[in-house]
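Student: The structure under discussion is supplied below as structure tokens; questions concerning it will follow.
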Amino acid sequence: MPNLSPGTIVAETKCGDCGKPVKVKLNKNGNAYYNCPHVDENLERCNHSQRWGKASSQKMQRNFIASRKSQENIDEVKSHEPADAAEPIGTDTGVSKHPDRDDPFSAFA
Ligand SMILES: [Zn+2]
């Protein structure tokens, strides 16, 4: 089963509360979640969050990998560049290379 690194953005969806677009990321257990970063007209942060279970999270990871692969194939046809610049899959050693690991909102900056 896919096991992408924590913090990987695997999908985009709409916030279940304010309806604005939010990015769905993986937590360290490989489960998908978001914390809505949007603020309303009173500058109150939405902070709505949603988490998905293992089955849905795995499905999102597979969809993400599939779409990334098709994107790489397109790039390869266009440029003939080696595809080794992409973030490797399945090399998570437990050492974080993601400075945003503890800040779920930094991906929205
Ligand atoms: Zn929201």
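Coordinate-derived values only; no laboratory data. This one's a predicted model, so the numbers in the text were calculated from it and none came from an experiment. Note that each Cβ is placed from the backbone with ideal geometry, even for glycine, and that neighbours are counted across all protein chains shown.
Student: What is the spin-label model distance, in nm, from residue 13 to residue 74 if the labels are put 7 Å beyond Cα along the C-beta direction?
Tutor: Taking the two extended label points, one gets 2.4 nm.
Student: What's the local net charge at residue 17, with K and R +1, D and E -1, over the other residues with C-beta under 15 Å away?
Tutor: +1
Student: Would you please give the residues with an amide H less than 5 Å from that of residue 24, counting only those at least 5 places away or on a separate chain, with H modeled from the backbone geometry?
Tutor: Residues meeting the criterion, in which the H sits 1.01 Å from N, are 10, 11, 12, 13.
Student: Collect residues whose amide H, placed 1.01 Å from N in the peptide plane, falls under 5 Å from the amide H of residue 38; neighbours closer than 5 in sequence don't count.
Tutor: Counting only residues 5 or more places away or on other chains, the set is 46, 47.
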